[in-house]
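For reference, the structure is listed below as structure tokens.
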């Protein structure tokens, strides 16, 4: 993603969820290798909670954008 485009999109919920999803995947793969790094595990939980809150907000405000986003990111729908 181009830097200008990235800076323009930073306020969008979709971009924030995309960014958090990438961080979550990176941390999850790190934790598979290093199982006893509890600070990383705590960071992962915080990111998951933040991402879940953003997804709940988007689902409440615009269901179509929410469905499109979870389809693009290949993540499960949260209840």
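Values quoted throughout were computed directly from the atomic coordinates according to the rules given, and no laboratory measurement underlies them. Please read these numbers as outputs of a predicted model, since none were measured by experiment. Please note: Cβ atoms are built from the backbone with ideal geometry, for glycine as well, and neighbour counts cover all protein chains shown.
Set the Förster distance to 25 Å, then compute FRET efficiency between residue 25 and residue 46 from the Cβ-Cβ distance, nearest 0.05.
Values: r = 15 Å, r/R0 = 0.61.
Calculated transfer efficiency: 0.95.
List, largest first, the extents of the alpha carbons of the stretch 12-72 along their principal axes, each in whole Å.
The principal-axis extents, from largest down, are 39, 18, 14 Å.
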